[in-house]
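A short write-up of the structure that comes next.
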Amino acid sequence: MSQFNEDGSVGAGDCGAGHDGGAEAADCEETVHRLYHYLDGELTDERRKAIQAHLDDCGPCVDALGFEAELRRVIADRCKDRVPAQLRERIAELISHERLAGDSAHP
């Protein structure tokens, strides 16, 4: 079972992964703070490797990563707009009509 703070974060040193505090290592606080950037691929290679190294040894942070990734999948799935087939067909017809009108205007 993961140990999280009241605000849902994982505090530095809470995971018991034996962090040495070196510049190349990421702690729990930094890892959780940067999860969205990690998931979006927005980190430098060096920072991504440091976060991955931390995740390799820290169960609570891996749990947080799994939760955030699943949450994103659920949100993405639920937020897809369902466009009625009739509306899609009508839009396609209008686009075709506009293209034909544009082609006839340029002989």
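No lab work stands behind these numbers, since they all come straight from the coordinates. Predicted model only: the values in this text are computed from it and were never measured. We place every Cβ from the backbone using ideal geometry, glycine too, and count neighbours over all the protein chains shown.
List of remarks:
- Set of region 60-93 residues, backbone N closer than 15 Å to the point 7 Å along the Cα-Cβ line of Arg99: 89-93
- Cα lying deepest toward the dipole's positive end in region 28-82, options Tyr38, Pro60, Cys79, charges on Cβ: Cys79
- FRET efficiency estimate (nearest 0.05) - Cβ-Cβ, Ala92 to Glu70, R0 41 angstrom: 0.70
- Computed over region 28-82, the range of Cα coordinates on each principal axis works out to 40, 23, 15 Å, biggest value leading.
- Packing-based exposure ordering (other Cβ within 10 Å, fewest first) of Asp27, Asp40: Asp40, Asp27
- Trypsin sites (Lys or Arg not before Pro) within region 42-90: DSSP coil, no more than 13 neighbouring Cβ in 10 Å: Lys80, Arg82
- Derived scalar couplings between HN and Hα for region 68-77 equal 5, 5, 5, 4, 4, 4, 5, 4, 4, 5 Hz in order, rounded to whole Hz, by the Karplus curve 6.51 cos²θ - 1.76 cosθ + 1.60 (θ = phi - 60°), x for Gly and Pro.
- Positive contributions from Lys and Arg (+1) and negative ones from Asp and Glu (-1), summed over other residues with Cβ under 15 Å from the Cβ of Ile95, come out at -1.
- Distance from region 32-51 to region 62-107 (C-alpha centre basis), Å: 29 Å
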